[in-house]
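The numbers here are math on the coordinates, done by the rules we state, and not lab data. For clarity, every value in this text was computed on a predicted model and none was experimentally measured. Here the Cβ positions follow ideal geometry from the backbone for every residue, glycine too, while neighbour counts run over all protein chains shown.
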Amino acid sequence: MNASGTGKRVVEAAVSAGRALLHREGPPGAQRQTLTVARPVGNVLRACQDPQVLSTLLGDAGSVRETGPGRLEWDVAGWSGTTEVHAEPNRVVFTTAGEDPVEPLVVEAWPAPRWDGCEVVLRLAVPAAPGLLDGALAFTMVYRLRALLQTGEVPTLAANPSGRAGVGL
């Protein structure tokens with residue numbers, strides 16, 4: 001084997017390892033959304049552990065409240081449950097208690113290329129809302145997270161003055 005063949009295999013191995021870290025697959029049915037957020041990894045992961053922030057991200061779809069240190073109670077799209085928060089380097093995992101624990105929400109954040117903030121991967125698997133609702137809710141949550149961290153507010157159409165009144169849509 002020549003030097004260029006060895007170099008090519010080393011690059012392929014590094015790319016595969018990076019993909020495995022950045023794109024871990026979740027449980028079957030989990031919906032994953034990825035977005036770049038112009039904030040440091042630590043800020044994103046701290047925000048994702050705050051029940052007020054999580055409730056804001058869910059909007060009308062649900063709410064989250066703290067029931068004790070590291071324990072959150074969720075009411076999302078017809079599903080209610082309690083999770084424990086596990087903060088790990090570059091990720092926050094919410095795990096249900098019981099014999100067969102489930103991870104309804106996992107948030108990962110990694111430095112983005114060229115120092116442009118971080119890449120956020122949000123995996124959502126709400127037991128009562130599989131499929132399309134999970135995908136829409138995952139996108140809504142990560143989109144609102146980016147807006148909240150970058151601008152200090154989440155996008156909304158409520159109470160916005162506009163010329164839409166009486167249009168008949």
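With a Förster radius of 30 Å applied to the C-beta separation of residue 65 and residue 112, the computed FRET efficiency comes to 0.40. A simple spin-label model places pseudo-atoms 7 Å from Cα toward Cβ; at residue 96 and residue 73 they are separated by 1.7 nm. Spatial offset of the stretch 134-152 relative to the stretch 55-88 amounts to 16 Å, using the alpha carbon center of each.
Taking each residue as 0.36 nm, the span from residue 136 to residue 43 lengthens on full extension beyond its C-alpha to C-alpha distance by 31.1 nm.
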